[in-house]
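Taking it in order: structure first as structure tokens, then the write-up.
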Amino acid sequence: MEAGREGMRCLKISFAGLIVTALIQTAIVVYTNSVALLGDTLHNYADALTAIPLGIAFIVGRRVATRAYTYGFGRAEDLAGIVVVVLIAASSAYAGYEAIMRFVHPADVRHLGVLIVAGVVGFLGNEIVAHYRIRTGRRIGSAALVADGLHARTDGFTSLAVVLSAVGAWLGFPRADPIVGLLITVAILFVLRDAAREIYRRLMDAVDPALVDQTEQLIRATPGVIDVPNLQLRWLGNTLRAEARITVDSDTTLVDAHHLSHQVEHDLVHGVRRLTSATIHVEPLPDDATTAHDLLTHHH
């Protein structure tokens, strides 16, 4: 719950920062008639709006598990990621359309000095928000918030591209504005690809293999554990869940095996960042477990 509250606070502050940045740029778009700045401004609005689905996800994710949703509502954050991807795609499509229309219907870009200021404002606003989101996301274990921060950082560099369009126009090359507008569209597409891949991995329960290795090493280091035949990790929002089978000596009593499973869970919760629970299945050495395993063989 504390992670959810901190995430919400980060979203509120970063939302306000990006909206102010985008509003300043909107006024300058009208003043300068720059399609490159228009594309960047639209992307900043889209980036600010991603705070809304993420905020809803943080609120829903706090709800306790029910008889219907026995794992809780942590997946809401991953579903919000789909909305983020759609918003990024929409901003890319509209920015590309406006840039193509400017090729078809050329127009002069006015007040180049102001346009350069707008590009710098966009860069600074996005970089401040990006740093805040990434730092908070890593602290609370929210991959979606970290990804959104990286998205904002990329937006900052596209804002600098607006400065290039102004310099090109100043040097007597008016096509620089729609060309940079198209380049910004391509940059947004790269962000879209990375964001979609991240959300896909979360929805498919992908985790960092290094994290699996770390978890397995912790289990093996617990006195009494002989082997770890199977280990599975999955993200639920900003928390991790683990399921593992451990092999123990066949002479271990039921009480000792029960105690050992809780010891393993304790070590994992305290040794693996963001892991909140683990289900541990204890089984004897393979030769002594053959009959029991035969009961499930036909299910595989």
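Computed values, structure above
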read-out	value
Matching residues, segment 170-182, being in a helix (DSSP H, G or I), open to solvent by less than 80 Å² (accessible area, probe 1.4 Å) and either over 19 Å from Tyr97 (Cβ atoms) or small (Gly, Ala, Ser) (or both)	Ala176, Gly181
Every residue from segment 36-57 that is farther than 17 Å from His131 by Cα and surrounded by 24 or more Cβ atoms within 10 Å (Cβ to Cβ)	Ala36, Leu37, Leu38, Gly39, Asp40, Thr41, His43, Ala46, Leu54, Ala57
From the options Leu150, Leu124, Leu145, residue that is open to solvent by less than 20 Å² (accessible area, probe 1.4 Å), in a helix (DSSP H, G or I), under 15 Å from Asp47 (Cβ atoms) and in contact with a helix residue (DSSP H, G or I) (Cβ under 9 Å, 6 or more places away or on another chain)	Leu145
Hits in segment 153-169 - residues which are free of Cβ contacts under 8 Å to residues at least 60 places away in the same chain, open to solvent by less than 20 Å² (accessible area, probe 1.4 Å) and within 19 Å of Val191 (Cβ to Cβ)	Gly156
Selection count where residues are buried (at least 24 other Cβ atoms within 10 Å of the Cβ) and outside any helix (DSSP H, G or I), scope segment 20-35	1
Filtered residue count, segment 59-90, keeping only those that are assigned to a helix (DSSP H, G or I), out of contact with any strand residue (DSSP E or B) (no Cβ under 9 Å at 6 or more places or on another chain) and open to solvent by 10 Å² or more (accessible area, probe 1.4 Å)	12
Search result, residues across segment 181-216 that are touching a strand residue (DSSP E or B) at 6+ places or on another chain (Cβ under 7 Å) and over 22 Å from Asp78 (Cβ atoms)	Glu216
Of all residues making up segment 183-237, the number that are hydrophobic (A, V, I, L, M, F, W, C), closer than 29 Å to Gly55 by Cα and open to solvent by 60 Å² or more (accessible area, probe 1.4 Å)	5
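The values are calculated or read from the model by the stated rules, or taken from the named source; none is laboratory data. Treat the numbers as computed from the prediction; the structure is a model and nothing was measured. Every residue, glycine as well, gets a Cβ built from its backbone with ideal geometry; the counts of neighbours run over all protein chains shown. Side chains included, ligands, DNA and RNA excluded: accessible areas come from the protein's heavy atoms. Shrake-Rupley method; radii C 1.70, N 1.55, O 1.52, S 1.80 Å.
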